[in-house]
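We did not get these values from a lab; they are worked out from the coordinates using the rules stated. A quick note: this is a predicted structure, and the numbers were derived from the prediction, not measured. Here Cβ is always computed from backbone atoms with ideal geometry, including for glycine, and neighbour counts include all displayed protein chains.
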Amino acid sequence: MGLLEYTIRRILLIIPTLLGVILLIFAVSQLFTPEQRATLYITSERQMRDIDSIINQYHLRESVFTQLIGWLQQLLQGNLGYSRTGGGPVLQVLLRKLPATFELVIWSIPLTVFIGIYLGTKSAVHRDTSIDHITRMISIIGWSLPSFWLGIMLIAIFFQGLGWFPPERMSQPTFNYITLSGNWHWYTGLLVIDGLLNGTPWITIDALRHIILPTITLTTINIALIVRIMRSGMLEALGKGYIVMAKAKGLSNKEVINKHARRNALIPVMTVAGLLTAGLLTGVTITETVFNIDGVGRWAAVAAGGGGTVPDVPAVLGFALFAGIVYVVANLVVDIMYAYIDPRIRLG
Amino acid sequence: MNLKQLKTELSPTLKEVKFTLKRVRKSPLSILGMAIITFYVIIAVFAPVLAPPVDPNAPYAIFHDGYGPTPRPPGSEVLDSWIRNMGWTVHYFGTAEGQLDIYYGCIWGTRTAFRIGLMVVVISLIIGLLMGCLSGYYGGIIDEILMRFTDIILAFPGLILAMALVIALPRVWRLEIGFPLAIIGIFIIIMLIGHFLKLRSAISASLGILSVAIFAVLYYGVLGSPPIYTMGIELTDLDKVLVALALVGWPGYTRVIRGEILRVRQEDYVEAAKAAGCSDVRIILRHILPNAMYSVVIMASLDIGSIVLTAAALSFLGIGAPLGYADWGQMISFARGWIWSGQENPWQFWYTFIIPGLFIFTFVLGWNLLGDAFRDILDPTLRRR
Amino acid sequence: MTQEILTIDDLRVNFYTYEGVVEALDGVNLRLKKGETLGVVGETGCGKSVTGLSTLVLVPPPGKIEGGRIYVNVDGKQIDLLKQKENFLRRIRGEDISMVFQDPRSALNPVYTAGDQIIEVLLHHRGRELVEKAIERLNKEIEGGKAGFLKKFHRKTLQTILTNPRSTKLKIIKRIPLLRGYKKIVKQEARKEAIEMLRAMRIPDPERVVDMYPHELSGGMAQRVVIAMALSCNPSILIADEPTTNLDVTVQLQILLLIKELKEKFGSSIIYITHDMGVVAEMCDRVAVMYAGNVVEYGNVLDIFKKPLHPYTKALLESIPRPGKPFKSIEGTVPSLINPPKGCRFHDRCTYAMEVCTKIKPKMIEVENEHFVQCFLYQSISGEQK
């Protein structure tokens, strides 16, 4: 079947999974007390005191089915509740904080993937030699580091010690310019690019200085995933018959590795890279907390009650929904990419 | 040939194990991993000797030498006389905020780490194996449903889900386990009867669901849902973390086991075994599980590392063990304020931060090295070189 | 007398496995004459494939060539391949010596089309010729007034490739995406060539097949593609390692006929490795019989079939099932090559075995015209003919 057919089929298959995600979130919400669930709809102090009327209004003490229908209704209207920690409706808060997280992910994923592919190839080609051991050691070390520990240390060395790379997303002058000057326009949501588009290259440089440490943190930790899978993919490809054939054709070792083996090894790497992206979009909580970046992850951590504060239930549920959707979509994209690269899948 | 040669000639399993061990010995990464883990095992086992508890009733509570907020460097003297009497004269690694002894926290924290890691892995493994076997073995619609369910759990970022669960789980968990237990029990009994009567699994499953539905209707409608059996489990915060992590972690194992079962099922030797009259259970036990075990072992060993990291992250965020508990992650969370806050020398209190961090890092490193080395060694396609 | 274009002398190959050292080839001797088809027969595991791979010096690890000489006629000179550097060998492979493998599907890379893989060989070895052709085509187009500035630029680039391949200008041009169109033009020429090759393989509708992926091809088609790859640079020696074993019998016949036809057309000499004596009878001029890493007998096909000298050859021929005759097999099994038996490796299954056979390995001697055998039935201990 053609690529289009396959794509459509895959998209249709998403629907039950999405439904499942929604149902699961609803099930989790039932674990909370009605009072906690009522906080979804509370937007002010005054309403807090009159919590019972909210409970009645949204049928929060009634049977599960009534609640489910009510909740789905709200969902379809885009009303995910009001987030106390975010200071606004959940959906809006989510969209507002997303660009910061997105920018972080956009920088670290390509870095992770490219370095990972390079190291993985080297590791496979020189299997069981010291290059292999060292590469694997480096990537395993990265994977074993607690992200908060690495982040804090990097800040201590490069910011407090050397003063080169500050944490957070932007400096005070940048912030002032963006919010107060009236000249700033968000084109892409990404500070680095928008700095250039707005004609203020100093903002781009500022953004880069801020983003470098969290990017290094994320890359160091996640490189192991890519290295490992690239290495095993390469080893498997190198054992196949077409490699001998390629050599028998007179191709150089480099050509054989790069052209023949690598193409085949990249297929599983694509899958992992896609899932990694999804994982990062929803999982940079610790890094955002440590570097004090106002992104989606940190919001979720605060909302979930870090430090013993009262949990911001609507935010937690909203974030969970977001995470589920991101993951499902990422799976879809990966499957389609897979079909595109591997003709065997596409052409059946 | 002497007896020893005869034995190894005749036993392929022994030969495989010997080969594996030889390759393990040759791989520097796995040696390092094993050395690290052994080191920590020794520390954990000998914790009471290495760091005698000041309060024998609460060994996990890090003792604090006073209440002063400023950390003191390694080598500082113990000031409190009561603690001195218990045998402590010096803070080997110094003290953290609130005068908590870092050395004590790190030593007993090892036990905490092992406890968290092993328990979560064991629980996840059991759940995962069960689900995976059911899914892989029965296939069909059971497989579809279970896989969807697994996918959904995997869709959530573990950390956030764990956090939500920790908050959502009440302090005392009143389990109305009567009803769910009854349902599961009925279902299993029907399935067993069906298997015994050699009914097709789809038929027994449908009968099972039918009986469950009838029972549910009776229970709610006719009987008016009386409580059958209630159980109250008291969960400490740490327990909640354990449960949450386990609930988030099992899908990985399910996938692996299911994958192995599906893969092995279509191998010719399973066909041959069936043709020779082997029962299904025997096939699973003798053919499928041994092959699948390799992948599961690798996964478990890597999992311990990541579970400890996640638990440390949770502690760092303030979720998990109570204040002053011997937990590496928590100790780092104390240190945070002392590294930043714009002081001249961020490294003045390095010990509050570097030392617990090193413990976490090396512990996880050991397990990761082992898991990775084993993965390379046990991968059958890469073995015969 | 027709000259030899390939001579293998005393080839030794060992495989270093965890179970021990497998002495796969124990002094193999072979001669391939120009224009002939030499069959190499033997049971599974006797070392025929390893011999084929050794000719290309492509023995995969854990194997290692431990001794011997492989002489090939290159540009009029006799060169020992085993002493050559990798650079030189890469020139030879695919251009002077080519190989066709047993499983066509695994010999093709699943993520590239059939055409891509043929084009790859063409560009690698016949690049120069293709560039010249491309320049010719561009000339025609430019003279016909149908070409713009870009094409003229590409022509210059191609000419530079011919005259000064290492120029820095070229290096820069290679990096600029817009100016890299010259590669496409050469590839088009290569593609035409590839389609012609497929047509020569008697593949119907080659324009469509050239864009197909390996998994879309049937076994027979895939094997034709592999043969096309192997012959595309007109090698003087083709090594066919059981090319039809994995195919249906009807397809087998087609491929055999095809190989025969191509041999005429391209004038190559073929080493045909197989375990099927019937194929040998059909295809080969001369044949070498291998057992457990040794060539035990070799000569003309007619001589071998009518007058087999070595006990193994005799037993092999007798064991071919014929209607009306009872089954006859050879007693015993092939010995393990980790600790191979001393002396002649066939001695424990040989009905004529003598004391000397268990101790010393016989030499290969010429018993009659062009008919060689390695057996003590025909020679004294010192190696003289009896």
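For region C:116-195, a crude dipole built from +1 on the beta carbon of Lys and Arg and -1 on the beta carbon of Asp and Glu, taken about the Cα centre, is about 420 debye to the nearest 20. For B:Phe93, the residues whose amide H sits under 5 Å from its own are B:Gly75, B:Ile102, B:Tyr103, ignoring neighbours fewer than 5 places away on the same chain, with H placed 1.01 Å from N.
Highest GNM mean-square fluctuation among C:Ala114, C:Ala134, C:Ala194, for chain C modelled with Cα contacts below 10 Å: C:Ala134. With each label modelled as a point 7 angstrom along the Cα→C-beta vector, the A:Ser252-C:Met354 pair spans 5.7 nm. Using θ = phi - 60° in the Karplus curve 6.51 cos²θ - 1.76 cosθ + 1.60, the 3J(HN,Hα) couplings for region A:290-295 round to 5, 8, 6, 9, 7, x Hz; x is entered for Gly and Pro. Check cross-link reach from C:Lys325 to the lysines: straight Cα distance under 24 Å, and skip same-chain residues fewer than eight apart. Counting by Cα, and skipping residues close in sequence, C:Lys325 has these lysines nearby: C:Lys306, C:Lys307, C:Lys314. Secondary-structure-derived ellipticity at 222 nm for the protein assembly as shown, considering helices only, amounts to -19000 deg cm²/dmol, per-run term -39500 (n - 2.57) for DSSP H runs with n ≥ 4. Label sites at C:Lys361 and B:Tyr67, each approximated as a point 7 angstrom past Cα along Cα to Cβ, lie 9.0 nm apart. For the protein assembly as shown, a simple Cβ point-charge model (Lys and Arg +1, Asp and Glu -1, everything else neutral) yields a dipole of about 2820 debye relative to the Cα centre.
Just want the ordering: C:Thr113, B:Thr352, from fewest to most Cβ atoms lying within 10 Å of their own Cβ.
Numbers: C:Thr113 20, B:Thr352 27.
Least to most surrounded, the residues fall as C:Thr113, B:Thr352.
Evaluated over the Cα positions of the protein assembly as shown, the convex hull gives a direction-averaged projected area, one quarter of its surface, of 60.2 nm². The alpha carbon centroids of region B:84-153 and region C:110-146 are separated by 62 Å.
The stretch between C:Glu86 and C:Phe153 holds 20.6 nm of extra length on full extension. This uses 0.36 nm per residue minus the Cα-Cα distance.
Helix C:114-125 and the longest principal axis of the Cα set of chain C meet at an angle near 90°.
Annotation: amide H-H contacts under 5 Å for C:Glu66 (H modelled 1.01 Å from N, sequence separation of 5 or more, or interchain): C:Arg12, C:Val13, C:Asn14. Note on chain C: semi-axes of the ellipsoid equivalent to its C-alpha gyration tensor, largest first and rounded to whole Å, are 46, 23, 18.
With 21 Å as the limit, the listed pairs C:Lys48/C:Lys363; A:Lys247/C:Lys174; A:Lys249/C:Lys263; A:Lys240/B:Lys26; A:Lys247/C:Lys183 have A:Lys247/C:Lys174; A:Lys240/B:Lys26; A:Lys247/C:Lys183 beyond it between alpha carbons. Around the amide H of C:Gly299, modelled in the peptide plane, lie the amide H atoms of C:Val287, C:Phe372, all under 5 Å away and 5 or more residues distant in sequence or on another chain. The Cα center of region A:136-195 and the Cα center of region C:243-270 differ in position by 66 Å. Exposure proxy ranking for A:Met245, C:Met364, based on other Cβ atoms within 10 angstrom of each Cβ and starting from the fewest, stands as C:Met364, A:Met245.
Model label sites at A:Arg10 and B:Ser81, defined 7 Å from Cα along the beta-carbon direction, differ in position by 7.5 nm. Between 0 and 90 degrees, rounded to the nearest ten: what's the tilt of helix A:64-76 against the longest Cα principal axis of chain A? With rounding to tens, the tilt is 70 degrees.
Taking N as the number of residues in region C:116-195, what is its Cα Rg relative to 2.2 N^0.38 Å? In units of the globular-protein estimate, region C:116-195 measures up at 1.06. Principal-axis analysis of the Cα atoms of chain C puts helix C:149-163 at an angle of about 40° to the longest axis. Phi-derived couplings, Karplus 6.51 cos²θ - 1.76 cosθ + 1.60 at θ = phi - 60°, listed residue by residue for region C:203-208: 8, x, 6, x, 5, 7 Hz, with x used for Gly and Pro. Divided by 2.2 N^0.38 Å, where N counts the residues, the Cα radius of gyration of chain A comes to 1.18.
Sorted ascending by nearby beta carbons within 10 Å, beginning with the fewest, A:Val290, A:Val272 become A:Val272, A:Val290. Straight-distance candidates among the aspartates and glutamates for linking to A:Lys259, with alpha-carbon spacing under 17 Å and chain neighbours fewer than 8 residues away dropped: A:Glu236, A:Asp342, C:Asp116, C:Glu120.
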